[in-house]
Amino acid sequence: MNAADRYERTTGSAEETEALGRALAALLPRGCVLALRGDLASGKTCLVRGMAAYVAEGTPVHSPTFTLVNQYGTDPALYHLDLYRLGSPEEVADLGYEELFDSDGICVVEWAERAHGLLPGIRVDISLAHAGGDRRRIVITNRGVLPDGWRDRLQAAT
């Protein structure tokens, strides 16, 4: 993997993290999967809130921990999976994940490590980490999904 496949950014607030999510959503093709990893309160839901604001303006986004899957918008739909309460890839398989991964929407998976071995190889990996106070360190790794020039477009939009 070369440097053109990776983008790193530190946001200074929840609003900046959401703005990054909106900018990223503008670059996502239909049918893509995003795998989010990070500790509790590292900004995963804020990032998804920004993505949902792009595809389904005005729809409130909450962490779907208790419902496991939420859908925002319809053209394309943004499917938001939160696997925090699941303990194994077998439990993920019981969700019917294949339909979401193979849809013409955008599928965002929080706690993606719980779906180890089930995620498609072509995807976007996003790592979020606390960086002190309201700051979050976000690393986006493109694994064959994002268009040429995506890093420059993302940087210009945020």
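The values are calculated or read from the model by the stated rules, or taken from the named source; none is laboratory data. All values reported here derive from a predicted model rather than from experimental measurement. Glycine also receives a Cβ, built like all others from the backbone with ideal geometry; neighbour counts cover every protein chain displayed.
Against the definition (at positive phi, touching a residue at least 60 places away in the same chain (Cβ under 8 Å) and surrounded by 23 or more Cβ atoms within 10 Å (Cβ to Cβ)), how does Gly43 come out, yes or no?
On the way: at positive phi: yes; touching a residue at least 60 places away in the same chain (Cβ under 8 Å): yes; surrounded by 23 or more Cβ atoms within 10 Å (Cβ to Cβ): yes.
So Gly43 passes the test.
Go through the stretch 23-53 residue by residue and tally those that are touching an Asp or Glu at 6+ places or on another chain (Cβ under 8 Å) and polar (S, T, N, Q).
1
So, in the stretch 91-106, of the ones that are closer than 18 Å to Pro120 by Cβ and not in a loop (DSSP other than H, G, I, E, B), which residue ends up nearest to the chain's Cα centre (by Cα)?
Ile106
Take the residues in the stretch 45-68 that are modelled with pLDDT of 75 or more and farther than 19 Å from Asp125 by Cα, then tell me which one is farthest from the chain's Cα centre (by Cα). Break it down stepwise before answering.
Looking only at the stretch 45-68, we keep the residues that are modelled with pLDDT of 75 or more, and these are 45-57, 68.
Then drop every residue that is not farther than 19 Å from Asp125 by Cα, which leaves 53-57, 68.
Numbers: Ala53: 13, Tyr54: 13, Val55: 13, Ala56: 15, Glu57: 17, Leu68: 15 Å.
In this case the residue turns out to be Glu57.
Mind checking which residues of the stretch 10-52 are of a type in the set (Gly, Ala, Ser), closer than 15 Å to Ala131 by Cα and outside any loop (DSSP other than H, G, I, E, B)?
Those that are of a type in the set (Gly, Ala, Ser), closer than 15 Å to Ala131 by Cα and outside any loop (DSSP other than H, G, I, E, B): Ala14, Gly38.
Any idea which of Gly133, Gly121, Gly87, Gly117 is assigned to a loop (DSSP other than H, G, I, E, B), of a type outside the set (A, V, I, L, M), touching a Pro at 6+ places or on another chain (Cβ under 8 Å) and surrounded by fewer than 20 Cβ atoms within 10 Å (Cβ to Cβ)? Explain how you work it out, then say what you get.
Details: Gly133 fails: touching a Pro at 6+ places or on another chain (Cβ under 8 Å); Gly121 fails: touching a Pro at 6+ places or on another chain (Cβ under 8 Å); Gly87 fails: touching a Pro at 6+ places or on another chain (Cβ under 8 Å).
So the residue among Gly133, Gly121, Gly87, Gly117 that is assigned to a loop (DSSP other than H, G, I, E, B), of a type outside the set (A, V, I, L, M), touching a Pro at 6+ places or on another chain (Cβ under 8 Å) and surrounded by fewer than 20 Cβ atoms within 10 Å (Cβ to Cβ) is Gly117.
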